[in-house]
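Structure record follows, encoded as structure tokens.
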Amino acid sequence: MCENTQTTAKKKVLSCIQPSGMLTLGNYLGALKNWVYMQEDFDCTFAVADLHAITVRQEPAKLRQQIYSTFATLLALGLDPEKSTLFIQSHVPEHAALSWLLSCYTQFGELSRMTQFKDKSAKHADNINVGLFSYPTLMAADILLYKPDLVPVGADQKQHLEIARDIAIRFNNLYGDVFTVPEPYIPKTVSRVRSLQDPSKKMSKSDENANSWVAILDDKDTIIRKFKRAVTDSDSVVRVGDDKPGITNLISIYSGVTGKSFEEIEREFDGKGYGEFKLAVGEAVADELAPIKANYDRIITDKKQLEELYKKGAAIAEKTAAKTYFKAMKKVGFVL
Ligand code: AQP
């Protein structure tokens with residue numbers, strides 16, 4: 001798929017991220033940290049899923065900046081365009097085109113069952129648009145165009161991969177072997193980083209309360225301040241428990257950053273209060289993110305280089321995407 005140093009024996013992996021806000025510690029621990037490792041073992045394609053971001057209303061200037069920023073953050077994390085294909089989804093028109101085709105092979109009932117649609121339509125009751133509803137067919141197109149063997153999935157994306165697989169199987173049953181049916185890849189990551197202000201919710205970049213998330217690009221003082229303000233409980237014991245969702249979340253974050261087990265962390269903070277623990281978590285997170293921010297500050301200033309890289313990535317991606325799209329259209333009966 002990529003014209004780079006990969007060998008063809010490597011399995012193909014596809015993953016995308018939405019530029020719907022500043023990338024968070026949740027995106028980092030739940031997905032991006034692992035992308036950096038994956039590029040060593042797999043033939044990876046990574047996209048900035050900008051088309052998905054407009055299912056929720058975005059300010060044009062802000063969206064443009066977020067797309068640049070997300071692409072630059074992927075580079076800052078250490079994703080290497082020589083090893084992986086990195087591109088911006090809207091630069092490869094086959095995503096939107098295949099999404100239309102697939103929507104005609106997707107049932108209304110299937111999409112109605114998607115929990116993300118239910119959640120997001122409750123959150124944006126004034127803008128329950130068709131794109132929000134048909135989001136999984138665009139995601140199916142994102143995946144199926146590149147014939148990946150594996151798609152990394154967090155707990156919240158499992159349903160969407162399942163529907164992509166169902167659509168692929170349905171299409172293949174009608175027209176022959178057009179799409180590869182991808183398998184889920186469950187990486188060893190923190191499965192869900194929760195909001196620092198409301199641990200019953202996941203940490204989300206579109207959360208309006210900036211204290212609920214830590215951005216990958218936040219500076220050290222901001223990170224420490226956000227952890228100091230994190231919601232805990234009236235107890236003062238650093239231990240994991242269903243009755244302690246705030247502290248459990250912080251332990252899980254600390255574990256994700258330091259590699260220490262929950263038991264080790266409980267021992268380390270035995271007899272110490274929440275204040276000391278929160279500071280330690282803040283410092284560990286800030287230290288982990290600091291080099292990424294330093295890389296980012298350098299990369300984002302060179303717009304010309306960024307443009308070169310995303311254009312090159314899109315050209316590589318489109319070669320594969322166009323082939324798959326052409327085949328699917330031909331099978332359906334279009335004149336090409
Ligand atoms: N809180 C989280 N914990 C663990 N993993 C997370 N991911 C997102 N939030 C967490 C993982 O990041 C990858 C990319 O996500 P995305 O940006 O494409 O969409 P999302 O899951 O909808 O992320 P957000 O931050 O919650 O975005 P908004 O607020 O726009 O909806 C995925 O692998 C996801 O699992």
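Among the residues of region 88-138, those identified as farther than 21 Å from LEU161 by Cβ, within 16 Å of the ligand (Cβ to nearest atom) and of a type in the set (Val, Ile, Thr) are ILE88, ILE128. Selection within region 28-82: residues that are under 29 Å from ASN129 (Cβ atoms) and free of Cβ contacts under 8 Å to residues at least 40 places away in the same chain. The member of this set that is nearest to the ligand (Cβ to nearest atom) is ALA53. Annotation note: of GLY282, GLY271, GLY275, the sole residue that is farther than 17 Å from LYS147 by Cα and part of a loop (DSSP other than H, G, I, E, B) is GLY271. Across region 15-31, a minimum of one residue is classified as of a type in the set (S, T, N, Q), within 22 Å of VAL257 (Cα to Cα) and touching a Lys or Arg at 6+ places or on another chain (Cβ under 9 Å). Taken together, the residues in region 142-163 that are more than 12 Å from SER15 (Cα to Cα) and within 15 Å of the ligand (Cβ to nearest atom) amount to 6.
Residues that are at pLDDT below 95 and more than 10 Å from the ligand (Cβ to nearest atom) were ranked within region 184-199; the one that is surrounded by the most Cβ atoms within 10 Å (Cβ to Cβ) is TYR185.
Residues in region 110-127 that are surrounded by 11 or more Cβ atoms within 10 Å (Cβ to Cβ) and within 22 Å of the chain's Cα centre (by Cα): LEU111, ARG113, MET114, THR115, GLN116, PHE117, LYS118, ASP119, LYS120, SER121, LYS123, HIS124. Total residues in region 234-268 satisfying the condition of being closer than 15 Å to ALA280 by Cβ, assigned to a helix (DSSP H, G or I) and hydroxyl-bearing (Ser, Thr, Tyr): the figure is 4. Specify which of the listed residues (PHE42, PHE46) is out of contact with any helix residue (DSSP H, G or I) (no Cβ under 9 Å at 6 or more places or on another chain), more than 22 Å from ALA210 (Cβ to Cβ) and of a type outside the set (A, V, I, L, M). Going through PHE42, PHE46 in turn, just one is out of contact with any helix residue (DSSP H, G or I) (no Cβ under 9 Å at 6 or more places or on another chain), more than 22 Å from ALA210 (Cβ to Cβ) and of a type outside the set (A, V, I, L, M): PHE42. For region 32-52, what are the residues that are assigned to a helix (DSSP H, G or I), in contact with a strand residue (DSSP E or B) (Cβ under 8 Å, 6 or more places away or on another chain) and open to solvent by 10 Å² or more (accessible area, probe 1.4 Å)? Hits for region 32-52 are ASN34, ASP50.
The values are calculated or read from the model by the stated rules, or taken from the named source; none is laboratory data. Just so you know, these numbers come straight off a predicted model, no measurement behind them. Heads up, the Cβs are rebuilt from the backbone with ideal geometry, glycines too, and the neighbour counts pull from every protein chain shown. Surface areas here come from the heavy atoms of the whole protein model, side chains and all, with no ligands, DNA or RNA. Shrake-Rupley method; radii C 1.70, N 1.55, O 1.52, S 1.80 Å.
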